[in-house]
Amino acid sequence: MLNRIVLTVLLVLALPISGMAREKRSFIRDAEIENNIRAFATPLFQAAGVDPDVVHIHILTDSSLNAFVTDGQNMFLHTGLILRAETVSQLIGVIAHETGHIADGHMVRIQGELGTASMEALVASLLGLAVGAVTKRGDAAAVIAGAGTSMAERNLLAYSREQESAADRAGVKFMDATHQTSKGLMEFFDILGDQELLVTDRQDPYVRTHPLTRERVNFVREWVAHSKWSDAPPRPEFVEMFRRAKAKLFAFLEPPIRTLMRYKESDKSIEARYARVIATYRRPDLPSALTQIDALIAERPNDPYFYELKGQILFENAQGTASIEPYKKAVALLPDNALIRAELGHAEVEQDDPSLLKDAIDNLTRATTREPEDPGNWNLLGIAYGKDGNEGMASYAMAEEALLEGKLSEASYLAGKAERLLPKTGTVWLRIQDIKNQAEEVRKDRKRRGED
């Protein structure tokens, strides 16, 4: 299910807002697309000696062509990049380049090169860049503005070009190490070359934040010319995963009429039929959408994402009880996925059926265990406990939500309430103490900075 979560802006390099100052930005959550991107990236992370489990991959809802990394092992891909890529090799090539930044610690080096005191001013002076990163907390986006000297700007640009070349060198090595062609990265450079012919305001952010030089282009072309893996075809499963992700994004982000024009009825491929299901249910035409998704399920009975989509179609069309069964099948096929667990738990909570609450609590507990920084799941878990008559656990779950959303007084109050109602032993009681302490520490820190 495609969801929207607002971005919080932190101090990092390389996210041009391009006139969107103080507007809210968002990113999507989708189990299938996230899993597909991680499948593409994991071999590269392993080749780079980076633990795949510590890298957070985020998909920004932005039609521009861009990708970047930030300190803290975060990789960001714009939806525009995925939709504009013509092949899975192009997308993987960009991921390999960004992995090069992570493996070489470029964000840490840049901060050291510039110095902490001048970081904000220098970054803000560079081509009017905004600075941003994602958390799963529903805070409003902000833009950090400042003024830097022209000398600092030139130094930072030079340093950025050096890092981009280093990331290229690392990225193509990772592609070779995983027996994949680097032709996709070379093709992506051709796209960027066309972008450089445009005036600055019409260029995609990737061109401005990843300076493209003749030396970089020549290096990658030479690598492709001599690598023994340059003619290696992409893995067939990767090709389908990419096409499905691209079709799914297009169908959810574009008007249904555009989807049906692009993925015509005559196209019988899996991705085209998938896109048409989404467009049909968004029109909305529920009977036809259900007929189409049932046909896909009959053809691929072990595909969790088709069951998930059927659950979503039913749930969003006021057929919550009917949505539970396909959601359960999706969970059975993909039991460790927090997003699908949360969708099932949400559907169960919404039905006001006491017999469903125990299962809802189990699913939402598993979701919060795997993704403890998602306040929405804590909210649903609190509602489920409240409906089940467990006021203590409901207060605890709501305290977690309040802390994640920066509502410190509310977090302290709810944690105190849970402390009074629950046994003073076990992991939940210990976590309640952590919530109280964290809220107090943040409150003290804000007071020291004069923010209270």
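The values are calculated or read from the model by the stated rules, or taken from the named source; none is laboratory data. A quick note: this is a predicted structure, and the numbers were derived from the prediction, not measured. Note that each Cβ is placed from the backbone with ideal geometry, even for glycine, and that neighbours are counted across all protein chains shown.
Condition test on ARG282, is it without any contact (Cβ under 8 Å) to a residue 40 or more places away in the chain, of a type outside the set (Gly, Ala, Ser) and surrounded by 22 or more Cβ atoms within 10 Å (Cβ to Cβ)? Walk me through how you get there before you give the answer.
Numbers: without any contact (Cβ under 8 Å) to a residue 40 or more places away in the chain: yes; of a type outside the set (Gly, Ala, Ser): yes; surrounded by 22 or more Cβ atoms within 10 Å (Cβ to Cβ): no.
Judged against the criteria, ARG282 is not a match.
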*Which one is nearest to ARG84 (Cα to Cα), of the residues in the range 240-254 that are without any contact (Cβ under 8 Å) to a residue 60 or more places away in the chain and buried (at least 23 other Cβ atoms within 10 Å of the Cβ)?*
ALA247
*Complete set of residues in the range 1-50 that are farther than 20 Å from GLU405 by Cβ, among the polar types (S, T, N, Q) and either out of contact with any Pro (no Cβ under 9 Å at 6 or more places or on another chain) or modelled with pLDDT under 50 (or both)*: SER18, ASN35, ASN36
*asked:* Between ASN302, ASN337, ASN317, which is in contact (Cβ under 8 Å) with a residue 60 or more places away in the chain and of a type in the set (S, T, N, Q)?
replied: ASN337
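Just to check your reading of the model, which residue among GLU373, GLU316, GLU350 is touching a Gly at 6+ places or on another chain (Cβ under 8 Å) and surrounded by fewer than 22 Cβ atoms within 10 Å (Cβ to Cβ)? Give the steps one after another, and end with the answer.
Details: GLU373 fails: touching a Gly at 6+ places or on another chain (Cβ under 8 Å); GLU316 fails: touching a Gly at 6+ places or on another chain (Cβ under 8 Å).
Of the residues listed, the single one that is touching a Gly at 6+ places or on another chain (Cβ under 8 Å) and surrounded by fewer than 22 Cβ atoms within 10 Å (Cβ to Cβ) is GLU350.
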_Looking for something without any contact (Cβ under 8 Å) to a residue 60 or more places away in the chain, loosely packed, with under 14 Cβ neighbours inside 10 Å and on the phi < 0 side of the Ramachandran plot - is there at least one such residue anywhere in the range 395-402?_
no
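Here's a check for you: in the range 412-427, which residue that is part of a helix (DSSP H, G or I) and in contact with a helix residue (DSSP H, G or I) (Cβ under 6 Å, 6 or more places away or on another chain) is surrounded by the fewest Cβ atoms within 10 Å (Cβ to Cβ)?
Within the range 412-427, the first condition is being part of a helix (DSSP H, G or I), and the residues that meet it are 412-421, 426-427.
Next, only the ones that are in contact with a helix residue (DSSP H, G or I) (Cβ under 6 Å, 6 or more places away or on another chain) stay: 412, 414-415, 417-419, 421.
On the way: SER412: 20, LEU414: 26, ALA415: 26, LYS417: 18, ALA418: 25, GLU419: 19, LEU421: 14.
If we take residues in the range 412-427 being part of a helix (DSSP H, G or I) and in contact with a helix residue (DSSP H, G or I) (Cβ under 6 Å, 6 or more places away or on another chain), then LEU421 is surrounded by the fewest Cβ atoms within 10 Å (Cβ to Cβ).
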_Complete set of residues in the range 379-392 that are under 11 Å from LEU414 (Cβ atoms) and buried (at least 19 other Cβ atoms within 10 Å of the Cβ)_ = GLY382
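I need the full set of residues from the range 38-70 which are among the aliphatic types (A, V, I, L, M) and closer than 23 Å to LEU83 by Cβ, in order please. Outline the logic, then answer.
Residues of the range 38-70 that are among the aliphatic types (A, V, I, L, M), as a first pass: 39, 41, 44, 47-48, 50, 54-55, 57, 59-60, 65, 67, 69.
Scanning the range 38-70 gives ALA39, ALA41, LEU44, VAL55, ILE57, ILE59, LEU60, LEU65, ALA67, VAL69.
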_Given the condition at pLDDT below 95, surrounded by fewer than 19 Cβ atoms within 10 Å (Cβ to Cβ) and under 20 Å from ARG161 (Cα atoms), answer yes or no: does some residue in the range 53-71 qualify?_
yes
